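Here is the structure we will look at.
The values are calculated or read from the model by the stated rules, or taken from the named source; none is laboratory data. Only a predicted model underlies this, so the values are computations on that prediction, with no experimental measurement involved. Note: ideal-geometry Cβ built from the backbone for every residue, glycine included; neighbour counts use all protein chains shown. Accessible surface areas use protein heavy atoms only, side chains included; no ligands, DNA or RNA. Shrake-Rupley method; radii C 1.70, N 1.55, O 1.52, S 1.80 Å.
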Amino acid sequence: GEEVLADASGMTRNFLLMKIPILENGKGTATVGISTDISETVRLKQQFELLANTDPMTAISNRRHFIAEAARELKRMYRAGENLAVIMFDIDKFKAINDLYGHAAGDRAILAVVDVCRRMRRETDLLGRLGGDEFVIVLPRTDSLEALAAAERLREAIAKTSVIGNEHKKILITVSLGVALSDGVCSLDEVINRADVALYQAKQHGRN
């Protein structure tokens, strides 16, 4: 088995432990133990798991990890007889930001949006980057009015955010959002698709 022990300096280390009984006349009289320090192996495993689950630019959940976590949360909500809300959003005219100010400015815009989301989300909310400038938040135990209010707060906070482009020009950032609520039977894909449709409608009605 494995065990975690503290060394003389107080640092925790991981060990793989093997215990072998010594028998005399069929009776156990002693035990020989072999303990192997596997701390580095454990550290590398944790690092690889983090890399596999995390978007490298923003350090939030990547698409694969987010979908897996959100699907588990949806099942948990259904078992408890509760709903969750999904907020889909992306940065308005993101391609124009990249084209006019360069990809570095686009990256700064993405990081600024994620920073706002981190500050505003509840501890139980799930945040993920689906790709490019498209993001999604899952809000457990949230009704439609609460979800719309949360989306509006997020929209307003991001609209007060800016980044610096070429020649120190300030770039104002806005996002468009779509909100959908689970209904106790639909799949995660269905909820996300409905939120995506609502996001597209927000874009069609003028963005922000």
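Side notes on the structure shown:
- Checking each residue in the range 162-186 for being out of contact with any strand residue (DSSP E or B) (no Cβ under 7 Å at 6 or more places or on another chain) and modelled with pLDDT of 95 or more picks out only Thr174.
- Taking residues in the range 45-58 that are under 21 Å from Asp107 (Cα atoms), and partners anywhere that are acidic (Asp, Glu) and in a helix (DSSP H, G or I), the pairs with Cβ atoms closer than 8 Å and at least 6 places apart or on different chains are Met57/Asp107.
- If only residues of the range 93-111 that are within 24 Å of Asp196 (Cβ to Cβ) and in contact with a helix residue (DSSP H, G or I) (Cβ under 8 Å, 6 or more places away or on another chain) are counted, the one that is surrounded by the most Cβ atoms within 10 Å (Cβ to Cβ) is Ala109.
- The strands (runs of 3 or more DSSP E) found wholly in the range 129-208 and carrying at least 2 residues that are open to solvent by less than 60 Å² (accessible area, probe 1.4 Å) occupy 134-140, 162-164, 175-181.
- Selection within the range 1-35: residues that are of a type outside the set (A, V, I, L, M) and surrounded by 11 or more Cβ atoms within 10 Å (Cβ to Cβ). The member of this set that is nearest to Ala68 (Cα to Cα) is Asn14.
- Residue count, the range 58-72 (criterion: open to solvent by 60 Å² or more (accessible area, probe 1.4 Å) and within 15 Å of Cys117 (Cα to Cα)): 1
- Exclusive hit being more than 16 Å from the chain's Cα centre (by Cα) and open to solvent by 80 Å² or more (accessible area, probe 1.4 Å), set Glu40, Glu82: Glu40
- Here the condition is being in a loop (DSSP other than H, G, I, E, B), within 20 Å of Arg129 (Cβ to Cβ) and not charged (D, E, K, R); of Met57, Met88, it holds for Met57 alone.
- Residue selected from the range 112-121 under the condition open to solvent by 10 Å² or more (accessible area, probe 1.4 Å) and not charged (D, E, K, R), by the criterion farthest from Arg76 (Cα to Cα): Ala112
- Among (1) closer than 19 Å to Ala180 by Cβ; (2) in a helix (DSSP H, G or I); (3) open to solvent by 10 Å² or more (accessible area, probe 1.4 Å) - the single one Thr124 does not satisfy: (2)
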